[in-house]
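The values are calculated or read from the model by the stated rules, or taken from the named source; none is laboratory data. Treat the numbers as computed from the prediction; the structure is a model and nothing was measured. Neighbour counts are summed over all protein chains in view; Cβ atoms, including those assigned to glycine, are modelled from backbone coordinates with ideal geometry.
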Amino acid sequence: MGKKSRVISTLLIGATLSTMGHSVFAVESKETIERKMLAGEDRYETAVKVSKHGWTSAKNVVLVNSTAISDALAATPFAKLKDAPILLTTSKALTDSTKDELKRLQTENVYIVGGGSVISKDVVKELNDMGIKTERIFGSNREETAIAMAKNIDSKEVAVVNGYTGLADALSIAPVAADKQMPILISSKDDLGKTGEYIKEKKIESSYVLGEKGVISEEVEKSLPKAERIGGENRRETNSKVLEKFYSEKEFSNIYVAKDGSKDVGQLVDALSISTVAGKEKSPLVLVGKDISGGQKTYLESKTVKTLYEVGNGINANTVENIIKALSIKEVTPEPDPDPNEAAKVHSVKAINGIQLEVKFNKPVDEDSATDLFNYEIKDEDNKDVLNDIDKNSENNTSLIELKEDKKTAIITLRQGYGIKYNQVDLDVEVSNVYTEDKKEKVADFKSEVRVLSTGLPELLDIKQVGPKEYNLTFSEPVTAKNSNEIRNALRVNKEYPSSIETRIDNPGLDANVLRMITSSELKDGEHELTIKDGIYNYGGFKCEEGSKNFTVVKDESNITATVDKVKSEELTLKFNKSLDIDTVKDDNVEFYLDYVNKDYKLKVKKVEDNKVTLSYGGFPLGEHKIVIKYKNKKDDKIKDLWGKELEETSISYNLQGETAPTVKAEYNRFNKTIDLKFSKAVTGADDYESYILTNADGDEEDLEEVEIKCKDDGKKEYTIDASDFEGKYTLEIVKNKIRDTTVARVPVEETSLEIEVADTTEAEVKMVTYGGEHGDQIFVRFSEAMRTEGTGSVLDKKNYLVTYNGGEPKQLDEIDDAEIDIKGDNDLVQITLPDKIGKGDVSIHIGSVADANGKFTGLGGISIDTVCDDRIISIPAINTIEDIEQGGNIAVKDASTIEFYVDREILLLNQKNIEFKLGGETLNPSSQEIEEDEDLDGNVVYKVTLEFDKKIFNTDGTIDYNKINEGTIEFKEEAFTTINESVSKEIIHKINSEKENKTVDKVAPKIKEGRILEYDTKDNIQKVEIEFSEAVKVNRISASTFDFGKYEVLDIGKDGVDKDMLSKTVTFILDKKIEENSITIKNIQSVMDKHKNETDKLKDIEAVLKNNE
């Protein structure tokens, strides 16, 4: 066909039968990228995995403390010098995994990095007891430790990193330093310290400076010999600069990916572990966070790689996929998320393996039309129909279309057969005559070219017994072979060949991904083994990997049941819960009827496939009906499953829906100045002004009599209302029974109210302005909506900003050298980068008249922000400034272990380790977190943070009750929060105690503690029962029906002990008669409320057993 192919997605299918999990990714060159993991249960085991990957044995090993990453920064070149893997330890003892690896490596010497407080004498003793010699390399601080390392390496060039804020930069250069045998030395931002003395003493001739000027200053750079700076705007961009500088080759055997420590600096230890291996191999090491940077993407797009290794667990899956795409796909068509507000359409079509296509619709679709082969046409490069190359209605047509549960995704399986391969072909796909789920809207016709590119290995997922000898083998994708005998020869059950094999080619009732295996004899109940040998492959030609899988044999004695699966005009399909003995369904003794056992309602069996029976009739009526299964002679053969279990006479109900009411959508067309109406089906009456009531925002009704209303299309589904005289927000009501569809039933449009905004009358607002960023040199402006990014009023026009900072005079942004501006988020966040760090004096900004995406300008005077706040200084506002509640307080208690609060910044990450809840002498860290965006009562952006702890801390009234401690302090240490602008927070300390300003907000519902039967009052003939709660509850909200006392009736509720606010921890119920039992059970029927209106769950019964207190 000569068409240009375009790969539009990356395919990942895991092969889990192998001993080491890996995946294969498609590349345009028809080669593959293999994806492998080097990861253990923890960082210690990950280091062991790396060691096993790089060394079969090692005389020398470098040992570092897993949590003292700063001390170990300079270890990599030294480790390369000694040809030594880097293993990890705790400060006090070796882990079992590290011990075992030292034994496997047959290690003789261990070089310990750090002093005795980092790795103790106990660890040294353990090593010596293993017969291993030790040598400690350390200094009084991280700079001196690096110098001690450097003294072992003979080199006239060095790499200088910031050992405090540039740890990730050190790991970027580490493999290069290992390869070049170049020491890594440590500096602070503004002072080389003893590193400078060492450089002079050793007469170092050249140096590399890692990081931008905000990381290591220009003064430090100038003091270094022949210094060359390698740095980007953040750690990932610096990593890309290192890769560009030192890894210019086009092809690499391996590439390594590790976390960049942006969430937790301790995560860099995985990069440390792999750095020596990467240095030995001259392989790139890519450091990643939530995604790759633009620089990393650009670098990777020009490279070819055979194997990608993920080092350590927890690397963002989307990030790895983006790396794969950058490496393998040179021309990508992005796939946006479906927009359910658009007209119904095919959102995308892509190949998911060598024989299956995935069709995504933007709305749920009707199953009948979406799975109808007649509605699809798929042709190959020779114009051959690969979906329906035989009669669509033929029983031999193995093509299949299935709709997934989301009703938006259809999986098309092309015709299956033996010896068929579809890989590396372009297919023309056409979709037509598909309707939405409610059948009110036709999906737009679709035509596109799809590239079938399969490189995944098929995987056996499941083995399910469906009969005494029959087993369904489910694969990750459809599989085939030269013939069914080849599949049989590839399988062994307990080392024996199966009797026969069926695929969908032989048994159309099977699912596309399923093989039916029939054993030569019945297997005993219990565990058995299936072995896969060479011979089975997918439709891309890739063989199923050899391996074994266990399965369980147990007889299925459950009853046969059935449901109505599909109803299509003159056909109805019954779906049974089990595979059937097909011959018993076709037996003359079996009869099917519609509603009644009457010859006029008898149904014909059209087709039987495994667990489905298709019946035919002159036309299945609408409404509620049933299918009756009857036997001529109850003693003769009945429908049976493969086990021989019989189905007794039964009936199966179904409900076939008829015509549905038309629906309508309305939107303002700003170009034509009309209100456009779209109906789901053809209608009449929509061009009559009396069919509508249009009300403005003040509730006034507009006169439509003289307004032009007309039909736009011949299909009578689209109409317009002239809105040239309207402006603002309106409600358009469809008058009942005025607009009807054009069917014989004349079904009216349901009464509908539609909200419409005519033109854009709302100016964009500035929601928040802060300064900060990773290097402290940025100003961030958050607008209330998407903004214009080009032309007059563009928020990217530097002339629209007047900035004052660092004690200087106000300057227009275009007059500030090297100032940059960018747009982030949904085009609503402006990022201004200044040439130097913001530090001295107040910061202010004036924004000129800019426009939103719809062209609405802010006022001519612009917007002035006199005081721009530091993005790193985060406040926790009072909750009643965000929520409409009476309680004061900054931190709310949700339950015994959970708190929530708001912060006045946009939060990207939260470091749980930097949050400490101090209770007496104990410190607790949160075990889980949740962050979500919100607004305060004035419409300002805030973020809600929810923290959960592993221990119970609070009473139901929100007070602290932890090991007899009733007050505490929550400390948010530096870097506890990272804002969306990549600023790291400064310290926040918040006390919680009984003082008014430190009280919590109580959001916890009260609980029932216990109930007591009080002594019967013989004088007044009164029986009282007390229920005690965890806190005071509103007694006036409790009635006789709040609790169910079984056979006893509540006459009254006592008021003893109730305060003036009608609150009490104990509520007394007066019953109608004496309780003779020692205990009774009561149920909480209605909610109980505390003074802050927190209610118990109405839907959940709470039982209390009340014991006699006599």
Open item on the list: Considering only residues that are buried (at least 20 other Cβ atoms within 10 Å of the Cβ), touching a helix residue (DSSP H, G or I) at 6+ places or on another chain (Cβ under 9 Å) and under 20 Å from E1031 (Cβ atoms), which ones fall in region 956-1002?
Closed with: I992, V1001
- [ ] For residues that are among the charged types (D, E, K, R) and part of a strand (DSSP E or B), scanning just region 734-760, find the one that is modelled with the lowest pLDDT.
- [x] D741
TODO: State yes or no: is I230 over 27 Å from S66 (Cβ atoms), in the same structural domain as V64 (by TED's automatic domain parsing), touching a residue at least 24 places away in the same chain (Cβ under 8 Å) and not aromatic (F, W, Y)?
DONE: yes
Open item on the list: I'm told G921 meets every condition in (1) without any contact (Cβ under 8 Å) to a residue 40 or more places away in the chain; (2) within 30 Å of G289 (Cα to Cα) except one. Can you identify the failing condition by its number?
Closed with: (2)
Task: region 939-963 residues that are under 29 Å from K1065 (Cβ atoms), paired with ones that are part of a loop (DSSP other than H, G, I, E, B) and among the basic types (K, R) (beta carbon under 9 Å, 6 or more apart) - done: T956/K1007; D957/K1091; G958/K999; G958/K1003; T959/K999; D961/K952; Y962/K951; Y962/K952
Open item on the list: Suppose we keep only residues that are among the small types (G, A, S) and farther than 14 Å from T165 by Cα within region 233-266. Which one would you say is surrounded by the most Cβ atoms within 10 Å (Cβ to Cβ)?
Closed with: A258
Task: Evaluation of K575 against (1) of a type in the set (K, R); (2) in the same structural domain as S499 (by TED's automatic domain parsing); (3) surrounded by 13 or more Cβ atoms within 10 Å (Cβ to Cβ) (one fails), failing number - done: (2)
TODO: Report whether or not L813 is touching a residue at least 40 places away in the same chain (Cβ under 8 Å) and under 29 Å from A853 (Cα atoms).
DONE: no
- [ ] Check I153, I186, I137 and return the single one that is at pLDDT below 95, within 42 Å of the chain's Cα centre (by Cα) and of a type in the set (A, V, I, L, M, F, W, C).
- [x] I186
TODO: Please indicate, with yes or no, whether at least one residue in region 635-656 is among the charged types (D, E, K, R), within 43 Å of the chain's Cα centre (by Cα) and in a loop (DSSP other than H, G, I, E, B).
DONE: no
Task: Hey, G848 buried (at least 16 other Cβ atoms within 10 Å of the Cβ) and on the phi > 0 side of the Ramachandran plot or not - done: no
Open item on the list: Between A686, A661, which is under 41 Å from the mean Cα position of the chain (by Cα) and not in a helix (DSSP H, G or I)?
Closed with: A661
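Residue-wise test of (1) surrounded by fewer than 11 Cβ atoms within 10 Å (Cβ to Cβ); (2) not in a loop (DSSP other than H, G, I, E, B).
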residue: S1041; (1), (2): yes, no
residue: Y1048; (1), (2): no, no
residue: L1051; (1), (2): no, yes
residue: V1058; (1), (2): no, no
residue: D1061; (1), (2): no, no
residue: T1066; (1), (2): no, yes
residue: I1070; (1), (2): no, yes
residue: I1075; (1), (2): no, no
TODO: Looking only at region 418-438, decide whether some residue is assigned by TED's automatic domain parsing to the domain that holds N383 and of a type in the set (K, R).
DONE: yes
TODO: Considering every residue within region 815-830, establish whether at least one is at pLDDT 90 or above, out of contact with any helix residue (DSSP H, G or I) (no Cβ under 8 Å at 6 or more places or on another chain) and outside the structural domain of G859 (by TED's automatic domain parsing).
DONE: no
- [ ] Tell me which residues, restricted to region 140-181, are surrounded by fewer than 24 Cβ atoms within 10 Å (Cβ to Cβ) and either in a loop (DSSP other than H, G, I, E, B) or in contact with a His (Cβ under 7 Å, 6 or more places away or on another chain) (or both).
- [x] S140, N141, K151, N152, I153, D154, S155, K156, Y164, T165, Q181
TODO: Can you run down the residue pairs with Cβ atoms below 9 Å, 6 or more apart or on separate chains, where the first is in region 126-137 and assigned by TED's automatic domain parsing to the domain that holds L102 and under 16 Å from V64 (Cα atoms) and the partner is outside any strand (DSSP E or B) and among the aromatic types (F, W, Y)?
DONE: I137/F78
Open item on the list: Can you say whether I885 is assigned to a loop (DSSP other than H, G, I, E, B), outside the structural domain of L829 (by TED's automatic domain parsing) and not charged (D, E, K, R), as far as the supplied structure shows?
Closed with: yes
Task: Tally, over region 70-102, of residues that are over 16 Å from P175 (Cβ atoms) and part of a helix (DSSP H, G or I) - done: 9
TODO: Output the number of residues of region 194-224 satisfying the condition of being in contact with an Asp or Glu (Cβ under 6 Å, 6 or more places away or on another chain) and either free of Cβ contacts under 8 Å to residues at least 24 places away in the same chain or not hydrophobic (A, V, I, L, M, F, W, C) (or both).
DONE: 6
- [ ] Please enumerate the residues belonging to region 93-125 that are hydrophobic (A, V, I, L, M, F, W, C) and either surrounded by 19 or more Cβ atoms within 10 Å (Cβ to Cβ) or not assigned by TED's automatic domain parsing to the domain that holds V62 (or both).
- [x] L94, L102, L105, V110, I112, V113, V118, I119, V123
Task: Those strands (runs of 3 or more DSSP E) lying entirely in region 911-995 with at least 1 residues touching a Pro at 6+ places or on another chain (Cβ under 8 Å) - done: 915-919, 941-948
- [ ] Give me a count of the residues in region 351-368 that are surrounded by 20 or more Cβ atoms within 10 Å (Cβ to Cβ) and more than 14 Å from D406 (Cα to Cα).
- [x] 6
Task: Filter result for the condition that a residue is on the phi < 0 side of the Ramachandran plot, in a loop (DSSP other than H, G, I, E, B) and of a type in the set (A, V, I, L, M, F, W, C), over V795, V781, V803 - done: V795
TODO: For residues that are within 47 Å of the chain's Cα centre (by Cα) and aromatic (F, W, Y), tally how many sit in region 618-634.
DONE: 1
Open item on the list: For region 799-815: of the residues being under 19 Å from K837 (Cα atoms) and charged (D, E, K, R), which is nearest to the chain's Cα centre (by Cα)?
Closed with: D814
Task: Count - residues of region 807-836 that are loosely packed, with under 14 Cβ neighbours inside 10 Å and either among the hydrophobic types (A, V, I, L, M, F, W, C) or under 20 Å from D870 (Cβ atoms) (or both) - done: 5
- [ ] May I ask you to say which residue of V803, V766 is more than 30 Å from E727 (Cβ to Cβ), β-branched (V, I, T), in contact (Cβ under 8 Å) with a residue 12 or more places away in the chain and crowded, with 17+ Cβ neighbours inside 10 Å?
- [x] V803
Task: Filtered residues of region 563-609 (kept if assigned to a loop (DSSP other than H, G, I, E, B) and of a type in the set (A, V, I, L, M, F, W, C)) - done: V597
